[in-house]
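Pasting in a structure now, in structure tokens, and then I'll have a few things to ask.
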Amino acid sequence: MTERNKTMASSTQSVQTLTIVKEEGKSEIRQLTEIQLSPLINNALTLQVLSASNSNKIDFTEAVEVMKEKSEKIIAGDLSELEATLAAQVITLDTIYNTLILRSAHSMGNSLKITETYMRLALKTQAQCVRTVEVLAAMKNPPIVIAKQANIAQGHQQINNGNQYPTHAGKTKNPSNELLSEDNNAPLDSRGTIEASGIDKELATVETIDWSKDTNR
């Protein structure tokens, strides 16, 4: 193998190799498992496979580092790169839409099936473009949500109107059904003398009637 081929083989191997730094307190099996399940690793691998047709292949280790930096920015609240991505995708989707519309127009009169296929794909692309614009607008101007406070009492609530009765457990006494106590009402004295009424009406003298002389009766 020539020196040039050795250099190219070494370069290809370094591009496809992931450099792993040993972490303290973790076993090798644990660390390898976390790497295989890491979303950063999986997406970097997908990116490398998709870019396999490019003459300059993406370095796997660098791709992971770049994705890690981008993710940390987004998690920290910096959405500027996401906004740039969506803005670029809007332009790309618009280009795809116009391309499909032109192909549909060129197929009119020749093949109804091809015309319909291109038209359907164009409308789907337009709908996705509109959706991307809506998401981008929401990111730039988040909607304001006004929530009204609801006063809802937690647990059991008892409302007493009028007489206040005890709320603890047990028998509830009804004041109207309680017996009269001796303190409030003295016992009746049957030995006392009842005085007569003070009203005396004087009777008038009745005239004597002789029935033998009174023939009219």
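Go through (1) under 39 Å from the mean Cα position of the chain (by Cα); (2) surrounded by 12 or more Cβ atoms within 10 Å (Cβ to Cβ) one by one and return the number of the condition Ile75 breaks.
(2)
Now a separate question. Give me a count of the residues in segment 22-54 that are hydrophobic (A, V, I, L, M, F, W, C), part of a helix (DSSP H, G or I) and closer than 20 Å to Glu72 by Cβ.
Here is the first cut: in segment 22-54, the ones hydrophobic (A, V, I, L, M, F, W, C) are 29, 32, 35, 37, 40-41, 44-45, 47, 49-50, 52.
With the extra rule that they be part of a helix (DSSP H, G or I), the set shrinks to 29, 32, 35, 40-41, 44-45, 47, 49-50.
Narrowing further to those that are closer than 20 Å to Glu72 by Cβ: 35, 40-41, 44-45, 47.
Total satisfying the criteria: 6.
Determine the pairs where a residue that is more than 9 Å from Tyr118 (Cα to Cα) and of a type outside the set (A, V, I, L, M), located within segment 80-105, has a partner that is assigned to a helix (DSSP H, G or I) and at pLDDT 95 or above with Cβ atoms under 7 Å apart, the partner being 6 or more residues away or on another chain.
Pairs that qualify, where the first residue is more than 9 Å from Tyr118 (Cα to Cα) and of a type outside the set (A, V, I, L, M) and the partner is assigned to a helix (DSSP H, G or I) and at pLDDT 95 or above, are Gln89/Thr132; Asp94/Cys129; Tyr97/Ala122; Tyr97/Thr125; Tyr97/Gln126; Tyr97/Cys129.
Every residue in segment 82-129 that is of a type in the set (Asp, Glu) and surrounded by 15 or more Cβ atoms within 10 Å (Cβ to Cβ), please. Can you show your working first?
Taking segment 82-129 as the starting set, the residues that turn out to be of a type in the set (Asp, Glu) are 83, 94, 116.
Matches in segment 82-129: Asp94 only.
Scanning segment 85-105 for residues that are among the β-branched types (Val, Ile, Thr) and under 38 Å from the mean Cα position of the chain (by Cα), which turns out farthest from Ala127 (Cα to Cα)? Even if it seems obvious, please write down each step before you answer.
Of segment 85-105, the ones among the β-branched types (Val, Ile, Thr) are 85, 90-92, 95-96, 99, 101.
Now narrow it down to the ones that are under 38 Å from the mean Cα position of the chain (by Cα): 85, 90-92, 95-96.
Details: Thr85: 18, Val90: 11, Ile91: 14, Thr92: 13, Thr95: 13, Ile96: 12 Å.
Among those that are among the β-branched types (Val, Ile, Thr) and under 38 Å from the mean Cα position of the chain (by Cα), it is Thr85.
Now for a separate question. Take the residues in segment 55-72 that are in a loop (DSSP other than H, G, I, E, B) and not acidic (Asp, Glu); name whichever of them is surrounded by the fewest Cβ atoms within 10 Å (Cβ to Cβ).
Restricting to residues being in a loop (DSSP other than H, G, I, E, B) and not acidic (Asp, Glu), the top hit is Ser55.
Among what's in segment 19-46 and is hydroxyl-bearing (Ser, Thr, Tyr) and over 17 Å from Ile58 (Cα atoms), pick the residue that is surrounded by the most Cβ atoms within 10 Å (Cβ to Cβ). Talk me through it step by step, then tell me what you get.
Start the filter on segment 19-46 by keeping residues that are hydroxyl-bearing (Ser, Thr, Tyr), which leaves 19, 27, 33, 38, 46.
Of the ones still in play, those that are also over 17 Å from Ile58 (Cα atoms) are 27, 33, 38.
Values: Ser27: 9, Thr33: 12, Ser38: 14.
My answer is Ser38.
The values are calculated or read from the model by the stated rules, or taken from the named source; none is laboratory data. Not measured: the values here are computed from a predicted model. When we count neighbours, we look across all protein chains shown, and the Cβ atoms used for this are built from the backbone with ideal geometry, even at glycine.
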